[in-house]
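Everything below concerns the one structure shown next.
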Amino acid sequence: MTLKRVLVVDDNPINLKLAMLMLAPEHCVVSTATTARIALDLLRKEGTDLLLLDLQLPDMDGLALTRLLRAEPAFAHLPIVAVTAYAMKGDEEKARAAGVDAYITKPVAKEQFRRVVASFLNKGVDDEQQRRASKP
């Protein structure tokens, strides 16, 4: 079984550490980036199975990065989860319109975080298990 890769993008070191702690039970390879440009470079070099993205970044906001990724064929279907302090009316709709697949507000509820992350990381595993079970 291949370990899934997760890229966490947040400019706050405490948030990065918290995300890494919450991802530990998922048994995945975690990379981090503190800016959108670093994240983009890592994605193009290494790829990832899931992107956890803060929307408020110092160089380019997460919505702009999401739109940029969605325009690239290699990342058009990459699962992107916004993990953000933006919790005002309409913020989630803006994020989804930009192309995020899920939206988690800060402060992060541990169970919601684990449920959302697991749903994306296990999706391919569940599909493969179903294919194997259906083979004669």
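The values are calculated or read from the model by the stated rules, or taken from the named source; none is laboratory data. Just so it is clear, the model here is predicted, and its values are computed rather than measured. Glycine gets a Cβ as well: all are built from the backbone with ideal geometry, and neighbour counts include every protein chain shown.
Points to keep in mind about this one:
Yes or no, residue by residue, for (1) part of a helix (DSSP H, G or I); (2) out of contact with any Pro (no Cβ under 6 Å at 6 or more places or on another chain); (3) touching a residue at least 40 places away in the same chain (Cβ under 8 Å):
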| position | (1), (2), (3) |
| --- | --- |
| Leu18 | yes, yes, yes |
| Pro25 | yes, yes, yes |
| Leu42 | yes, yes, no |
| Met88 | no, yes, no |
| Lys94 | yes, yes, no |
| Tyr103 | no, yes, no |
| Phe113 | yes, yes, yes |
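- Residue that is nearest to Ala95 (Cα to Cα), among those in segment 43-54 that are surrounded by fewer than 18 Cβ atoms within 10 Å (Cβ to Cβ) and touching a strand residue (DSSP E or B) at 6+ places or on another chain (Cβ under 9 Å): Gly47
- Within this structure, Leu57 passes the test of being over 11 Å from the mean Cα position of the chain (by Cα), among the aliphatic types (A, V, I, L, M) and at negative phi.
- In the set (1) farther than 19 Å from Val117 by Cα; (2) crowded, with 18+ Cβ neighbours inside 10 Å, Arg67 fails one condition alone, (2).
- Among the residues of segment 49-86, those that are at pLDDT 95 or above and assigned to a strand (DSSP E or B) comprise Leu50, Leu51, Leu52, Leu53, Ile80, Val81, Ala82, Val83.
- For segment 118-131, the criterion of being closer than 26 Å to Pro25 by Cβ, of a type in the set (D, E, K, R) and within 13 Å of the chain's Cα centre (by Cα) is satisfied by no residue at all.
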